[in-house]
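The structure appears below as structure tokens.
The values are calculated or read from the model by the stated rules, or taken from the named source; none is laboratory data. Here the structure is a predicted model, which is why all the values come from computation and not from measurement. Cβ placement follows ideal geometry from the backbone for every residue including glycine, while neighbour counts extend to all protein chains displayed. All accessible areas refer to the heavy atoms of the entire protein, side chains included, with ligands and DNA or RNA removed. Shrake-Rupley method; radii C 1.70, N 1.55, O 1.52, S 1.80 Å.
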Amino acid sequence: MGMGAIRTASAPAKSRVEALFDSLALEYVRERERQFSFISQKRIVMEMLLGSRGRLLEAGCGPGIMLPDLLAMGFEVRAIDVSAEMVRRAEQRMSGHPLTRRCRLAVGDVERLEFGEGAFDVVLAMGVLEYLPACDGALREMVRVLRPGGQLILTVPNRAAAYHVASSAYRAARRLVGRPRHSAYPAKPCLPWALDRQLASLGMRKLESQACNFIFFPLKELHERASEALNRALAPISRLPIAPFLGAQYVVKAQKTAWRSA
């Protein structure tokens, strides 16, 4: 998804991320919701949201791909993104939607959320944490705005997955021989168990997790269609114990315990 706002980070880093997602907005509008990697994440997230209700904050809403579904589930939604262009595209998407009055969009800051403590029943952040220099501040803020018993759902790239292990080793080898490859703003994968520990330290009780996006290096780079076919074939293993070592994306749902305030 889009990227929740970054303002506590250094100004140059924030500006790079804003520029990146401004530039990606049209591509997200045209392509993102048709990509199997996103469809897989969305399916898991929607399953995790079943039974929840009330006020939901989507941090990193991008061009609003999730908003119609979240509203259809009955949520009252507040949505923020670092990119003004992403927010503009989301406003276009929601213009004329029959439930648009239950949704408010704004450029926002995931590290300094402009909401009171306990303001939300659910916080959702898809594709946000990996663009932050450190995710501690953002996690604290998301937990702060959750009511006791409220739920947090996160999707992050999984550093333990075969794809990220192999591609990282390849990039390291290129650096050793003096031929590094640079990306505009590389996302930083997370270790699932490290994220789980961070959530626990903030008074969050893990309820469930799944892995998805079963891609492999360099198959994805060399043959996109074959990679997607394999990804589709492996999708049913998302709940198996081996999934966190194969799925390039980690999805976790945790609940704010009543006995601790972040």
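Data table
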quantity: Criterion violated by Ile153 - all others in (1) open to solvent by 40 Å² or more (accessible area, probe 1.4 Å); (2) under 21 Å from Arg43 (Cβ atoms) satisfied; calculated: (1)
quantity: Checking Asp109 against (1) without any contact (Cβ under 8 Å) to a residue 12 or more places away in the chain; (2) touching a Lys or Arg at 6+ places or on another chain (Cβ under 8 Å); (3) acidic (Asp, Glu), the condition it does not meet; calculated: (1)
quantity: Some residue of segment 50-64 being assigned to a helix (DSSP H, G or I) and more than 25 Å from Arg232 (Cα to Cα); calculated: no
quantity: Boolean, Ala90 is open to solvent by less than 20 Å² (accessible area, probe 1.4 Å), among the aliphatic types (A, V, I, L, M) and either farther than 21 Å from Leu207 by Cβ or part of a strand (DSSP E or B) (or both); calculated: yes
quantity: Helices (runs of 4 or more DSSP H) (entirely within segment 181-245) containing at least 1 residues that are basic (Lys, Arg) and surrounded by fewer than 19 Cβ atoms within 10 Å (Cβ to Cβ); calculated: 192-201, 224-234
quantity: Identity of the residue in segment 106-142, modelled with pLDDT of 95 or more, surrounded by fewer than 23 Cβ atoms within 10 Å (Cβ to Cβ) and touching a strand residue (DSSP E or B) at 6+ places or on another chain (Cβ under 6 Å), that ends up nearest to Ala90 (Cα to Cα); calculated: Ala106
quantity: Lone qualifier among Met73, Met48, Met66, Met94 - being at pLDDT 90 or above and out of contact with any strand residue (DSSP E or B) (no Cβ under 8 Å at 6 or more places or on another chain); calculated: Met73
quantity: Among the candidates Arg159, Arg174, residue that is farther than 22 Å from Gly247 by Cα and either without any contact (Cβ under 8 Å) to a residue 60 or more places away in the chain or surrounded by fewer than 16 Cβ atoms within 10 Å (Cβ to Cβ) (or both); calculated: Arg174
